[in-house]
Structures are given as C-alpha cells and as structure tokens.
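Structure first, then comments.
Here, each number is a calculation from the coordinates, and none is a lab measurement. Everything quoted here is computed from the prediction, not taken from an experiment. Every residue, glycine as well, gets a Cβ built from its backbone with ideal geometry; the counts of neighbours run over all protein chains shown.
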Amino acid sequence: MTGGTVSLEMRTRCERCGAALADDGPAFICSYECTFCANCADGMEHTCPNCGGELVARPRRRAQETSRG
Ligand SMILES: [Zn+2]
Ligand SMILES: [Zn+2]
C-alpha cells in the first residue's frame, strides 16, 4: 500500500457552512466537486464561490427505485 491521496470521495460536509450532508439528502455540487448544502447553494444563487461554476443537484447514490414522485 502506498498511502497517499484520497480522491473521488463523496463529500459529507458543506464546504461553506460545514453542515453535514446525507448521502441521499439534498446537496449541490459543481464540476470541480465543490459541495454545498442546499441552503448555501440557494444563497449563492447556485454559483460556486471557488471556481465560479454552476452548482447542480448532486445525484443520489444508486438506490432501489421503488416509486417515483
Ligand atoms: Zn452550507
Ligand atoms: Zn467549484
């Protein structure tokens, strides 16, 4: 094992306010994987303060689709 970088890890906290983000809860992410809670994303008008990218709803982890909407 060559310990080192950790990448592509699902962020579990909002980068702005530090709020915990559930895997299946609402979260917003930019193309650089900056992750924010819905409250912050809304307050920032869905624009990433780090890279200026658009914040979009983070896709949920694959789950069984029992019923929709
Ligand atoms: Zn936040
Ligand atoms: Zn970003």
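Computed packing ranks the peptides 34-43, 20-29, 51-60 as 34-43, 20-29, 51-60, most packed first, by mean other Cβ atoms within 10 Å.
Annotation: amide H of residue 35 within the under-5 Å range of 15, sequence separation 5 or more or interchain, hydrogens built in the peptide plane. The length gained on full extension between residue 54 and residue 11, counted as 0.36 nm times the residue separation minus their Cα-Cα distance, comes to 13.8 nm.
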